[in-house]
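Notes follow the structure.
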Ligand SMILES: NC(=O)C1=CN([C@@H]2O[C@H](COP(=O)(O)OP(=O)(O)OC[C@H]3O[C@@H](n4cnc5c(N)ncnc54)[C@H](OP(=O)(O)O)[C@@H]3O)[C@@H](O)[C@H]2O)C=CC1
Ligand SMILES: O=C(CO)[C@H](O)[C@H](O)COP(=O)(O)O
Ligand SMILES: [Zn+2]
């Protein structure tokens, strides 16, 4: 099959390439419909990664958050038109200990391998998760980010001590908001505190028990466990505050991506017996748990619909470039492309 792939060849420059795809019985052909942007994509688009990383990964199609319609299934298991969330991670090896999203051999779309900015996606069938028909498709576009939140809270469940009284989230953006909605489902009896830099963003977290501006946290505020959802240099200050406000022996899950190493007060980490656990990407299992949570909780779906920040139809390379530029100035929520190329 001949396919049109929209690849970033250098910062701010896309080119369409015609690629011959080999489709076998294990694959599905999916037409991408709704795509949403992750910070990882904007770092490539705006050339904010190191020259070495850009050289190693480009050219490639961006976007690892998307839903699309099955147009062809060689085994006829999926009806044409079925909406599926596409898992961007494709494992090529199995390991009894290391999970698929932490295996260096796995192929992650839009990080060295073509993402979903394509006319058709040739998707291994175990990478497709059916999206229930009552899901808002704009919200469904970022199920991948919901699955990352699920991966984080699943890892928190298996790492933390027994103290579930207070869960603290640092970061008042997309990932913080998604993780906060999931805390309400996965830890329903815990108090949820959210720590951010913008009162106008914190106002969206109306379901949290309390929100704090990070320059105005009372010294006696304590969290049992914490999740860092900030990224960039903001991670350093966030990790420092987590160390100050977490209970001894607490666990902090780190999710924000920083281009440069950040400093960590290891003396306090040692003295308080803290666990810092990194979380990146997600697995098929996380996608399934994410869809199960959303299916059984209309209130979570409604909350996540509030995260749809900017929607635009794109039909040309110029539209795609304009869309990425708009993402830079969008203040709240996820940017979703209606893919019409
Ligand atoms: N581990 C993984 O698999 C994944 C990681 N990520 C990463 O997570 C990070 C966040 O993504 P996303 O939520 O979309 O980004 P956003 O920009 O939407 O949100 C980050 C928010 O955190 C705020 N912030 C910055 N510093 C602090 C601080 N010290 N304390 C509290 N809040 C702070 C920011 O404010 P301001 O804008 O003023 O700095 C911003 O409002 C990114 O680095 C992204 O790449 C995303 C998806 C998956
Ligand atoms: O966003 C993510 C998962 O949803 C990850 O942070 C992203 O995949 C990291 O990739 P890269 O190393 O290319 O920045
Ligand atoms: Zn991402």
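Values quoted throughout were computed directly from the atomic coordinates according to the rules given, and no laboratory measurement underlies them. This is a predicted model, so every value here is computed, not measured. Reconstructed Cβ throughout: ideal geometry from the backbone, glycine too, with neighbour counts over all protein chains shown.
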Label-point separation, residue 285 to residue 22 (7 Å along Cα→Cβ), nm = 3.1
Cα long-axis angle, helix 234-245 against the chain (0 to 90 degrees, to the nearest 10) = 40
request  = May I ask you to give the average projected area over all directions of the convex hull of the Cα atoms of region 270-320, in nm² rounded to one decimal?
outcome  = 7.6
Which of 217, 242 has the fewest Cβ neighbours within 10 Å, and the rest in rising order = 217, 242
inquiry  = What whole-number volume per residue, in cubic angstrom, does the convex hull of the C-alpha atoms of region 50-98 give?
reply    = 164
0 to 90° range, to nearest 10: angle between helix 284-296 axis and the chain longest Cα axis = 80
request  = Arrange 71, 314 by Cβ neighbour counts within 10 Å, fewest through most, would you?
outcome  = 71, 314
Of all DSSP beta bridges in region 83-195, antiparallel share, percent nearest 5 = 45
message = Taking just the alpha-carbon atoms of region 146-278, what radius of gyration and Dmax come out, in angstrom?
response = 13.2, 37
task = Give the distance, in whole Å, between the Cα centre of region 267-304 and the Cα centre of region 246-260.
result = 13
query = Given only helices, namely DSSP H runs of n ≥ 4 each adding -39500 (n - 2.57), what is the per-residue ellipticity at 222 nm of the chain, to the nearest 500 deg cm²/dmol?
reply = -9000 deg cm²/dmol
Percent breakdown of C-alpha pair distances by 5 Å bin, ordered from the shortest bin, for region 3-57 = 4, 15, 19, 21, 18, 14, 8, 1
remark   = Computed from the beta carbon distance with a Förster radius of 22 Å, FRET efficiency for residue 306 and residue 133 to the nearest 0.05 stands at 0.60
key: Theoretical FRET efficiency, 1/(1+(r/R0)^6), r = Cβ-Cβ of residue 107 and residue 13, R0 41 Å, to 0.05   = 0.95
note = If one compares the long axis through the Cα atoms of helix 143-159 with the longest principal axis of the Cα atoms of the chain, the angle in degrees, nearest 10, works out at 40
query = Ranked by Cβ crowding within 10 angstrom, fewest neighbours first, how are 274, 103 ordered?
reply = 103, 274
task = With r as the distance between the Cβ atoms of residue 276 and residue 237 and R0 = 22 Å, compute the FRET efficiency 1/(1 + (r/R0)^6) and round to 0.05.
result = 0.90
task = Provide the descending list of Cα extents for the chain along its principal axes, expressed in whole angstroms.
result = 61, 41, 41
request  = Multiply the residue separation of residue 330 and residue 124 by 0.36 nm, subtract the distance between their alpha-carbon atoms, and state the gained length in nm to one decimal.
outcome  = 70.8 nm
